[in-house]
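The values are calculated or read from the model by the stated rules, or taken from the named source; none is laboratory data. These figures come from a predicted structure and were not determined experimentally. Here the Cβ positions follow ideal geometry from the backbone for every residue, glycine too, while neighbour counts run over all protein chains shown. Quick note on the areas: whole protein, heavy atoms, side chains included, nothing else; ligands and nucleic acids left out. Shrake-Rupley method; radii C 1.70, N 1.55, O 1.52, S 1.80 Å.
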Amino acid sequence: MAPEPSTGPARHYDRGGWLAQFTGHILVVCPRCGGCALILPRPGLPERKYLYELLFLPRRLACRGCGAVADWEPQVREDGLVAASPGGTQDPFFRRPLWLQTRCVGQVLWAYNEEHVDELTAYVGATLREHGASPTRAMLTRLPRWMNRADNRSDVLTGLETLRALANRSAPADRSDAAHERGDRPQPYRALYFRGGAYESTP
């Protein structure tokens, strides 16, 4: 049984959450105007029961600036739906560059949304990091080494504040110079969701 989390401004308790938990809504670069577009589960879907279902939900990309709309559905393989693969500087569904990106200590710092920024800020800013149960795909244990280095803490926190500010902007001119296509997504995670479930839209 995991110990109770400690409290205090310099402490962070990692409950082993997945990156997938931040894919409920994702800010991306619009494919039409270059402004900020939003990716959400498609309207009218049944309420999900489990976190992993976020990687199979049909999605809609919508831009308030220019009105662009696009839809995504999971690929079908044999008798299952193939999961999307979170990670990297593109969204896992449409593979659009993330809106929240900035250059930091010679690397690119990115996040899916404001809640993702909040979690990274709490972790990076902590001088004492405690871990509970850590499943194989836990997000914080898989962060790149440069984000964990104490001598990079100030720069990474500054970068996260830049991402937080970007989350409140949407015009094409506000786009970060780091937000472009790099093709650095990880190898696909080939989890399957058996067909006939609530999120299958075709017979």
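Quick look at the numbers
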| read-out | value |
| --- | --- |
| Failed item, numbered, when Asp79 is tested on (1) open to solvent by 50 Å² or more (accessible area, probe 1.4 Å); (2) out of contact with any Phe, Trp or Tyr (no Cβ under 9 Å at 6 or more places or on another chain) | (2) |
| Test: residue in the stretch 10-24 that is within 22 Å of Thr162 (Cα to Cα), among the small types (Gly, Ala, Ser) and either modelled with pLDDT of 95 or more or open to solvent by less than 10 Å² (accessible area, probe 1.4 Å) (or both) | yes |
| Residue selected from the stretch 10-51 under the condition touching a residue at least 12 places away in the same chain (Cβ under 8 Å) and small (Gly, Ala, Ser), by the criterion farthest from His180 (Cα to Cα) | Ala10 |
| Cross-chain or 6+ apart pairs with Cβ under 7 Å, the stretch 110-127 first and under 15 Å from Asn152 (Cα atoms) and in contact (Cβ under 8 Å) with a residue 60 or more places away in the chain, then open to solvent by 30 Å² or more (accessible area, probe 1.4 Å) and assigned to a loop (DSSP other than H, G, I, E, B) | Ala126/Ala10; Thr127/Ala10 |
| Lone qualifier among Leu140, Leu120, Leu166 - being closer than 26 Å to Cys66 by Cα, at pLDDT 70 or above and either surrounded by fewer than 13 Cβ atoms within 10 Å (Cβ to Cβ) or under 16 Å from the mean Cα position of the chain (by Cα) (or both) | Leu166 |
| Some residue of the stretch 52-64 being over 16 Å from Ser85 (Cα atoms), touching a Lys or Arg at 6+ places or on another chain (Cβ under 9 Å) and either touching a residue at least 40 places away in the same chain (Cβ under 8 Å) or part of a loop (DSSP other than H, G, I, E, B) (or both) | yes |
| Pair list, Cβ under 9 Å, 6 or more apart: the stretch 171-182 residue of a type in the set (S, T, N, Q), other residue at pLDDT 95 or above | Ser176/Trp99; Ser176/Leu100; Ser176/Gln101; Ser176/Thr102; Ser176/Arg103; Ser176/Thr162; Ser176/Leu163; Ser176/Leu166 |
